[in-house]
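Colleague: Attaching a single structure in structure tokens format; questions to follow.
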Amino acid sequence: MPGQLRIRVRFQRYVTKLFDFLLVSKDEMRQILEGTGWRIREFIDSGDSQYIAIIEKERVLSRKETDKGYLCLFL
């Protein structure tokens, strides 16, 4: 995937496992999450092109929890 890096962090004698790091625009982030059950809660801007995205899982109430069919709540 474009913008995907595989990295590991080393500090003194500590080393993490390899993990994927994704560098995408805000619009690309929205497109990637569309239809996955995840949503963007907040973007934290740094003042230039860098940002942090806080994402969270969507919660779908069961039919018993609402009397008007299915309702999606974002927690």
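Colleague: Any residue in the range 1-28 that is closer than 28 Å to Asp48 by Cα sitting within a Cβ distance under 6 Å of a residue that is hydroxyl-bearing (Ser, Thr, Tyr)? List the pairs, counting only those 6 or more apart or interchain.
Modeller: Correct list of pairs: Arg8/Thr16; Val9/Thr16.
Colleague: For the range 32-42, give me each residue that is exposed (fewer than 13 other Cβ atoms within 10 Å of the Cβ) and within 11 Å of the chain's Cα centre (by Cα). So that I can check it myself, show each step before the final result.
Modeller: First pass over the range 32-42, keeping only residues exposed (fewer than 13 other Cβ atoms within 10 Å of the Cβ): 34-37, 41-42.
Selection gives Glu34, Thr36, Gly37, Arg41, Glu42.
Read-outs throughout are calculated quantities, based only on the coordinates presented, and are distinct from any laboratory measurement. In this text the structure is predicted, and so the values were computed from the model without any measurement. A quick note on method: Cβ atoms are made from the backbone with ideal geometry, for glycine too, and the neighbour counts reach across all protein chains shown.
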